[in-house]
1. Counting only helical runs of four or more DSSP H residues, what would the 222 nm mean residue ellipticity of the chain come to if each run contributes -39,500 (n - 2.57) and the total is spread over all its residues?
2. Whole-Hz ³J(HN,Hα) for each residue in region 178-189, computed from phi via Karplus 6.51 cos²θ - 1.76 cosθ + 1.60 with θ = phi - 60°, x for glycine and proline: what do you get?
3. For the residues Tyr258, Tyr206, what sequence is obtained by ranking on other C-beta atoms within 10 Å, fewest first?
4. With an 8 Å cut-off on Cα pairs and a minimum separation of 6 or more residues, tell me the relative contact order of the chain in percent.
5. How do Phe223, Phe273 rank when sorted from fewest to most other Cβ atoms within 10 Å of their own Cβ?
6. With springs connecting C-alpha atoms under 10 Å apart, model the chain as a Gaussian network and identify which of Asp283, Asp74, Asp195 has the largest mean-square fluctuation.
7. Using θ = phi - 60° and the Karplus curve 6.51 cos²θ - 1.76 cosθ + 1.60, what whole-Hz ³J(HN,Hα) does each residue of region 151-158 get, with Gly and Pro shown as x?
8. According to the square roots a ≥ b ≥ c of the eigenvalues of the Cα gyration tensor, what is the shape class of the chain, taking rounded for a/c under 1.5, prolate for a/b larger than b/c otherwise, and oblate for the remainder?
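Where a number appears in this text, it was derived from the coordinates with a stated rule and is not lab data. Keep in mind that this is a model prediction, so the values were computed, not measured. Cβ sites come from the backbone with ideal geometry, for glycine too, and all protein chains shown count toward neighbours.
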Amino acid sequence: MATAEDFRALGRDNVNSVESILADDAIDFGNLAHTTAVGGDAIFTWDYERTRAGLAKLYERAKTSQWNGSTDLDWSIDVDVEAVAREMQATIMHLRQRLTDLPNSPLRSWSEDDWTKLAVEAFNWRMSQFLHGEQGALICTAKIVETVPWIDAKYYASTQVMDEARHVEVFSRYLDTKLDGHYPVNPALQLLIDDIIGDNRWDMTYMGMQIMVEGLALAAFGFMHMATEEPLLKKLLRYVMSDEARHVAFGVLSLKEYYEGLGGDEIRERQEFAFEAALRMRDRLMMQAVWETCGIDRKAITEMLFEIRKPGVNPFQAALFSKIVPNCKKLGLLDAGDGWLRDRFTDIGVIEYEDAPDTETEYALLDAVADDRAAASA
Ligand SMILES: [Fe+2]
Ligand SMILES: [Fe+2]
């Protein structure tokens, strides 16, 4: 087993190396298509017995909570993009202030118009990354249908494939009809998705997608939903969150059972995978492409983001890890093997949310579709 000393996360000598982060950020995934190898075997099971009650319950709920992106959302609503962008920027004013206060900060001369331009670009960028991430979820979950050995999980995963197609559809439509600007996939996000798809162990697809990527997405959708009053986006996010909460619960339920049967070395490999995924997501949140569009050099902003890092002011928005950390804890990954993952999450400043609600218990509370149907029939 590798020790903490010889494990080089992402192959880096130093996980905070600005050069490594910028080198990854410069990878071009093409304009029209990107191909990557899929790892693992398709498994046919001849055991059709329904033995997993938690997954069966989730599957029943998924069947009754389907919604239609064409008819359940009001696409005739006009969107004031600048107003929505400013609502979102208002939630991170402390970061804006910290970056401006740095010695020789190029942001000192920025006008309110410059900040609004950044806010609009960041809105386009976030929605673009949601779109690309949703396609990643679509492809990963189609892989899970093939590779997971349990019939109850194959049934559930098939409903998630439909959910993800709907998510790609609605984010794409919002970007095309309400915003004017798309961004290509963030390289840190695509590198992570490629790792998830390429791994030949079936549970790693769940760990990477349902626990890490969807855990972060669920938190990010929640923050955007709270920040905005734009009615189309608000309802879109609320409905997507209903589905995402089920997806994360699917990951927690499946992996909890599987990890109980794994040995120490195997658990350690899962901890390392979780940590590398967390680093990729931290790197993706720096949105260098947006800053560059607004005239700030990629290297300069990356260094500035590290400079303002201190307890209580985390530029990587630790709150975005508020679903990931408790779910890793529930899976037993945080404290296994002398707390290796706890130490790593502490190093990168995201441990504080370990006791936030885990998603196995919270998904039913987030079912907006069931709530709306109940209200309509009351
Ligand atoms: Fe999704
Ligand atoms: Fe999802």
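1. -19500 deg cm²/dmol
2. Whole-Hz 3J(HN,Hα) from phi for region 178-189: 10, 10, 10, x, 10, 10, x, 4, 5, x, 5, 5.
3. By the 10 Å Cβ count, ascending: Tyr258, Tyr206.
4. RCO, the chain: 23 percent.
5. Final ranking by Cβ density, sparse to dense: Phe223, Phe273.
6. Comparing Asp283, Asp74, Asp195 in the GNM, the peak value goes to Asp74.
7. Couplings: 5, 4, 6, 4, 4, 4, 4, 5 Hz.
8. Cα axes put the chain in the oblate bin.
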